[in-house]
Amino acid sequence: MIILTGGSGSGAAAARLVHLLAFSTTWGAGFWVAFIGGTIMFRNLPRHQFGSLQGKMFPAYFMLISACSAISVAAFAYLHPWKTAATIERYQLGFLLMALGCNLSNLLVVTPMMVEMMMKRYKIEKDLGIGSEVGHSKNKEMVKKNPALAAMNRKFGIIHALSSLASLTSFGSLAMHSWYLSSKLDL
């Protein structure tokens, strides 16, 4: 049995169900993309194909987890109004809002920049005859001879690091919330 307080009745029960479904969708999708699907694709697809696929998948992925995060926030806030919420529930709302903010920043800002930068980088690499390898880039030798590629790699690396940081922060925030939810679970 799960107890998330927030009153009784069908409205509270529906809010609990909606929260759990939206939260678990966000958690599961994040886990799959970060640790399973992305790793399998990276290890098996030529790098430009992998990047192009990620460029198509990430907007849909970040839209899904942003929408589910927003639903989780709304349902949790309904169940735990700020004025009457205990400190622990206020922290949980903060974790959920952090995840939502990170997911939205990836959806609206970082991913579009990263995809644009990646496509510019791929054009340079294609002109140089590289990018069809599977796994890590083989452009390190080309970088020494091509300052434009070196600059592109630096910019892409920074943007990719920002996206990864936002994703890890979101996942960490959701992990904190999953710990809270597990403390409410009575099996």
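None of the figures in this text is laboratory data; all of them are computed from the coordinates on show. These numbers come from a predicted model, not from an experiment. Glycine also receives a Cβ, built like all others from the backbone with ideal geometry; neighbour counts cover every protein chain displayed.
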Can you give the local net charge around Ala151? Use residues other than it whose beta-carbon is closer than 12 angstrom to its beta-carbon, Lys and Arg +1, Asp and Glu -1. +4
If contacts are Cα pairs under 8 angstrom and at least 6 residues apart, what is the relative contact order of the chain in percent? 33 percent
The range 104-147: trypsin sites (Lys or Arg not before Pro) falling in loop per DSSP and having at most 16 other Cβ within 10 Å: Lys138
Per-residue ellipticity at 222 nm attributable to helices in the chain (runs of n ≥ 4 DSSP H, -39500 (n - 2.57) apiece, nearest 500 deg cm²/dmol) works out to -26000 deg cm²/dmol
Nearest 10, in degrees from 0 to 90: the angle of helix 87-105 to the longest Cα principal axis of the chain is 30 degrees
Number of Lys pairs (Cα under 25 Å; 8 or more positions apart or on different chains) in the chain: 25
Give me the number: length gained by fully extending Arg90 to Ser52, i.e. 0.36 nm times residue separation minus the C-alpha to C-alpha distance, one decimal in nm. 9.7 nm
Assign unit charges at the C-beta atoms only (+1 for Lys and Arg, -1 for Asp and Glu), then state the dipole size of the chain relative to its Cα centre in Debye, rounded to the nearest 20. 620 debye
Dipole-positive endmost among Phe95, Leu149, Ala74 within the range 10-183 (Cβ charges, Cα centre): Leu149
Ordered by number, the GluC sites (Glu not before Pro) in the range 106-187 that occupy a DSSP loop and have at most 15 other Cβ atoms within 10 Å are Glu133
